[in-house]
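The values are calculated or read from the model by the stated rules, or taken from the named source; none is laboratory data. Being a predicted model, the structure only gives us computed values, none of them experimental. Cβ sites come from the backbone with ideal geometry, for glycine too, and all protein chains shown count toward neighbours.
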Amino acid sequence: MEKKIKSLCKGFSEYVISIGVFLIIWGIYVKVSGVAEYIMPSPVKVLQKLFEIVVKGQIWEHFFATSIIIFVGYFIGVFLGIFFGYIIEKCTILKEMLMPYLIFFQTAPKIALVPLFVIWFGLGLTSKLVLIVSMVFFPVMVATMVGISSVPKDMRNLMKILNANKLQILFKIELPHSMPMIFSGLKIGMVQAIIGAIVAEWISGKVGLGYVLIFASSTFDTTLLIAGIFFTIIVGIFYYEVVNILEKKILYWHESQRIEK
């Protein structure tokens, strides 16, 4: 228990130190350069604005709106990514047929596709979810495929000798062995989901953190804009760490989760 607390404190302190160094450099630059406040406000004023929108509750409606579409899109993308990753990896013909199309779609810039999604699915929730799912799906699918393909043949042969059926092989060998790779995809997918949600709200949102950023930009409120960016970064770090903690809980047995003394 003590080791886990030390590990969490270490991770938290790394974020605090990194942000602190950045704020110091930022403050020095603003002081020395004499840059106009509407272009680059001081970190003190940005932190004051951040504190203000958090305490007065102005940001929370947008936070919850963004969080809802992040998690709905994320879980749909994760489910589809793991499902199709397993199916495609197990079926060579399907893999050869679909992978070129999936790679083609993945290489298309998602920001450029947002207006197309809006035309196809409208300005509501559907277009946002489609974008988030499309951004989460591919890294999770690839991670699942790599994990399944990396299962040693000796393990598969042993399960065949023991007359294990396909479900037993899946849950006893393939999934446990693939979980470290799948969690790598889940962490990348979470970052992608947050980016997708913010981008979608830029284009079609009337509420959400992305909308706050666009509103601040359109009204030339640089202090609010940077404060909103900071809040979005904090949200991103928090949700990433949630997945990271979940990984440590589930993969406590894996060598990658061992805490050195």
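Structure above, values below:
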{"read-out": "Matching option when the condition is part of a helix (DSSP H, G or I) and either within 30 Å of TYR211 (Cβ to Cβ) or of a type in the set (Asp, Glu) (or both), among ILE111, ILE103", "value": "ILE111"}
{"read-out": "Residue identified as of a type in the set (Val, Ile, Thr) and either at pLDDT below 90 or closer than 29 Å to GLY124 by Cβ (or both) among THR232, THR223", "value": "THR232"}
{"read-out": "Verdict on ALA200 being at pLDDT 90 or above and out of contact with any Cys (no Cβ under 8 Å at 6 or more places or on another chain)", "value": "no"}
{"read-out": "Hits in the stretch 116-143 - residues which are surrounded by fewer than 21 Cβ atoms within 10 Å (Cβ to Cβ) and either assigned to a loop (DSSP other than H, G, I, E, B) or among the charged types (D, E, K, R) (or both)", "value": "GLY122, LEU123, GLY124"}
{"read-out": "Residue that is nearest to SER42 (Cα to Cα), among those in the stretch 229-239 that are in contact (Cβ under 8 Å) with a residue 40 or more places away in the chain and not β-branched (Val, Ile, Thr)", "value": "PHE230"}
{"read-out": "In the stretch 86-131, the residues that are closer than 30 Å to VAL151 by Cα and among the β-branched types (Val, Ile, Thr)", "value": "ILE87, ILE88, THR92, ILE93, ILE103, THR107"}
{"read-out": "Scan of the stretch 85-113 for residues that are under 17 Å from VAL130 (Cβ atoms), surrounded by 16 or more Cβ atoms within 10 Å (Cβ to Cβ) and touching a residue at least 60 places away in the same chain (Cβ under 8 Å), ordered by number", "value": "LYS110"}
{"read-out": "Some residue of the stretch 142-155 being over 16 Å from PHE79 (Cβ atoms), free of Cβ contacts under 8 Å to residues at least 12 places away in the same chain and aliphatic (A, V, I, L, M)", "value": "no"}
{"read-out": "Pairs with Cβ under 8 Å, 6+ apart, first in the stretch 20-31 and small (Gly, Ala, Ser), second not in a helix (DSSP H, G or I)", "value": "GLY27/SER42"}
{"read-out": "Single match in ILE229, ILE214 (criterion: surrounded by fewer than 19 Cβ atoms within 10 Å (Cβ to Cβ), assigned to a helix (DSSP H, G or I), of a type in the set (A, V, I, L, M) and in contact with a helix residue (DSSP H, G or I) (Cβ under 6 Å, 6 or more places away or on another chain))", "value": "ILE214"}
{"read-out": "Output for the stretch 32-51, where each listed residue is of a type outside the set (A, V, I, L, M) and either in contact (Cβ under 8 Å) with a residue 12 or more places away in the chain or loosely packed, with under 11 Cβ neighbours inside 10 Å (or both)", "value": "SER33, GLY34, GLU37, TYR38, PRO41, SER42, PRO43, LYS45, LYS49"}
